[in-house]
Structures are given as C-alpha cells and as structure tokens.
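These notes concern the structure reproduced below.
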C-alpha cells in the first residue's frame, strides 16, 4: 500500500472517532452535521409490544390438565373460605350477649320537670318566664309545669274561669311566646289546671265535682289546641272518682300524636304507698306525683315505697315539696341536705320534679313564695364594698347549681339511671341505699345519710336476686369529703358521713 493511501486511512479513522472523544468547541461540527457537545441517540425503528395470548391460544391453554386442576383448587379454596367466614359470623352472633330492648319512653321520662308555681316570684309573670328560658334550658329539664295561672276566688266555684289567665301573671299572647321559645329548645310545657288552688279543697266539694271536671276538660281542650303539651291537676284521688273523669282523660290523651305525646299528670297527697300504686293503674294518668318522700322521713319507709313502686317507674314522679308546690329547702334545712336530696331524686326510679329555685338551694321565708335569685355568676365590682354573708351565699348558690346540672346531665346519659332496674340494699332510720342497673351498661349505687351521725352500710344483695356485686366500686359523685371522686371503696363496709350522700359505679362485666 502506498504512503498516500495510509494517510487517507488515518484521516478516515480520525473522522470516525466516538462523539465523546471529539473536541467540544463552540463552533465545530461533528460527524453527521451535529454540533459539538450534543449526543445523537439512535432509537431502534422496531417497537416490541406485548399483545397477550390470542383467543385461540387462551382456549388451548384453558383445556390443559394443569390449568383445570388449578382452577378447581382455587374454586374449592374460595368456597371453603366463604363458608368459614359465614360460620364464624354465626358463632359470633349466637355467642354475643343479647341487648335488652329499651322500654317505651316518653318525653316526661327523659329528664326532670321544673315547676314554676308562682310566676311573679320567679320572674315577673309569663314574660319573665320567656326571658329566663335560656337559664332553665341549661338545667337539662324536659318540661315546665306552669301555674296555676287561671282566675278563681278561693272556695267559690262560680268565679272559676280556667280559660282566662290572671292578668297579674300575663296574657295569652305571653303564654304563646313561652310555648314557641320552649318548643324550639326541646322543652315541653304543662299547665296546672287545679281548679280551687287557692282554697281548702282542690275540687271545691263533692257536690260540684262532676261540673268542675267538665270545666277542666273544656279548658284542657282549649289550651292543648294552642300548643300546650299537657295538664296537671292536684287531688287526683278525688278527680279520678268523678263520672266524667274518663272524658277528661280522653281529651288529653286523645290529642297524642306520633311526635308529641300529651301528658295527663296528677298529684296524690296524703295517701299510702298502696293507694299510689292503685291510682297509677286505676286513674290511667300518665304521671302520678306523690308526697311520700315528704310525709315519710324514715329510711325504711322510703325504701318500702321504692320497693313497692319501682316497677311502675315510668308512671311515677318524685319530689320533696313538689307535690305541695314548695321549695325543697322547706324540708332540707341545710345546703348539704339539699345536695343529698337532689342526688336521691335524680337517681331514684321515676321522674324527678323540682320547684323553681331548688337548683340553687333557694330558701323559703315562711309560707310565701321566695323571690328567685338571678345573676349569681356576676362577680362583685373591683373596689366595691362586699357583704361577706351575701358573697358566701352567692358562691354557695353557684356550687349547688353546678351540682344540680352535673346530676341532671349524668341521669340523661346513663341508661341505668334513666330507666334501669332497681334493687334495694341496706337502710336504717336515717339512711338508705339502692342499686340501679341496665343490661350491659355501667351500674350505680346510691347511698345517702340524712341523719346526724355517720352510718356504716354493708352493701350486699341476697343470692335470690340473681345479681352479684363486686368487692369494691368507684366514687362517681360525692358530697362527703371522706369519699373522694374516683377513689375505690369496699362495698362490704362503707361509711357515709352525717348529712352526706355518695353515688358509686362499677362496670358491666358480662
């Protein structure tokens, strides 16, 4: 080969150097017309795509023995798994404890009733009631019992006008405003239509009983048509013996609708436990309020009333002074006893009924209705002279109201307290205790001692009851400084201080 040929071949080899070995000058050209510094990647012209098996290939594979066996194994595993899950679900359902059906509950069973017997003393008549509904609503009450507010002169049946509101209490327009605002807050309104509420006998006399019952029936029809949710009458034992009692009953209870039951509430005073039970069944009143707690002060007597009547709890109302339209403080001399009786009323089987002011422990002055105290949350102005007695009283009002609200809230949340079963425990002349339980809910024990000396209680049930108590329980709420909240106490021997009460709880264990 000549020297010229060798030079030409070297030129070709240099021109065909790899691009990365080419000098990277700004204005130079690479082989193929590309600028220096750029790389040209050649993509294969043929793209490979996977289209899967054709129908013919699939059918051919599907019929092979290996695939047939695989399909059968997968099918059998699927059905075995499905049957196993079904069997497991059945076992869980069968072994799971059955929930006890909730009893039929009406609005008056769901929370306390709040009586305003003297609207003027409460807050300047019906207009004042409307203005104070926000405050009342904070107490978690389910119903207001207003009045009586109709016109009558004591012991004079010819002056009775059950459809006319006493002008000193307000007007029909004011009542309608109360109804509208209360209903928006979920509070029902009951009117007390006790005819001769200012006189010696609530129904005047036996000679005019039937005529007066007819008057009450006509008035009930009128007020119910305006949106009132029920009526209350005193002297239920007398009224239910009237010839036209069933007509009055039909007028009230016949106004029931699916969304709004109407309440026929009667008061039974000065009757025995047995007579109260008979009135519940015989009068067909929806709710019977008795004075048994007020007229029987011994623990054994009060437990006997509960033992006898607890099965009728959805038709029973309890109060201490409520039957007489008196404040609780008339029968509870101290703020400690007021707390104790609030605890008792909220945890007993039945509907608690309070008079206005009971939520703060308002004290009565003689037989006159006490003026309600408002704005108790308002602190004294800085630098202003402070009456120490008045300031201590204001703080006590706040504390009692807080206690009342906590009990009302607890009762509304706990099924055992709301509609649970009742079992009496130990009682003495000045103390009592009982158990409330419902199905799979927490259980509660109430123990109160209104005496002047400590009481040591042994809380136990006989085996015949079919209910077992644990060895100890936790304190839920307490007025006794020796029984602190959340502390554990033994049930075989618990000491409750004088004038003190405690609510214990323990869980359902299954």
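Figures for the structure shown
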quantity	calculated
Criterion (in the same structural domain as residue 399 (by TED's automatic domain parsing), touching a residue at least 60 places away in the same chain (Cβ under 8 Å), outside any loop (DSSP other than H, G, I, E, B) and over 30 Å from residue 420 (Cα atoms)) met by exactly one of 121, 127	121
Among the candidates 248, 243, residue that is farther than 20 Å from residue 345 by Cα and outside any helix (DSSP H, G or I)	243
Hey, residue 167 assigned to a loop (DSSP other than H, G, I, E, B) and over 21 Å from residue 260 (Cα atoms) or not	yes
Scan of the stretch 331-346 for residues that are over 16 Å from residue 142 (Cα atoms) and either at pLDDT 95 or above or in contact with a strand residue (DSSP E or B) (Cβ under 6 Å, 6 or more places away or on another chain) (or both), ordered by number	337, 338, 339, 340, 341, 342, 343, 344
Residue identified as surrounded by 11 or more Cβ atoms within 10 Å (Cβ to Cβ), free of Cβ contacts under 8 Å to residues at least 60 places away in the same chain and not assigned by TED's automatic domain parsing to the domain that holds residue 185 among 55, 156, 60	60
So residue 427, is it over 19 Å from residue 311 (Cα atoms), touching a residue at least 60 places away in the same chain (Cβ under 8 Å) and not in a helix (DSSP H, G or I)	yes
The stretch 204-225, residues that are buried (at least 18 other Cβ atoms within 10 Å of the Cβ), in contact with a helix residue (DSSP H, G or I) (Cβ under 8 Å, 6 or more places away or on another chain) and in a helix (DSSP H, G or I)	209, 213, 216, 217, 220, 224
Spans of helices (runs of 4 or more DSSP H) in the stretch 315-422 with at least 3 residues surrounded by fewer than 19 Cβ atoms within 10 Å (Cβ to Cβ), in contact (Cβ under 8 Å) with a residue 40 or more places away in the chain and assigned by TED's automatic domain parsing to the domain that holds residue 132	388-413
Any pair with Cβ under 7 angstrom, 6 or more apart, that starts in the stretch 79-102 at a residue that is under 23 Å from residue 415 (Cβ atoms) and in the same structural domain as residue 437 (by TED's automatic domain parsing) and ends at one that is modelled with pLDDT of 85 or more and surrounded by 10 or more Cβ atoms within 10 Å (Cβ to Cβ)	none
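The values are calculated or read from the model by the stated rules, or taken from the named source; none is laboratory data. The shown structure was predicted, so the numbers you read here are calculated from the model rather than taken from an experiment. Neighbour counts run over all protein chains shown; Cβ positions are idealised from the backbone, glycine included.
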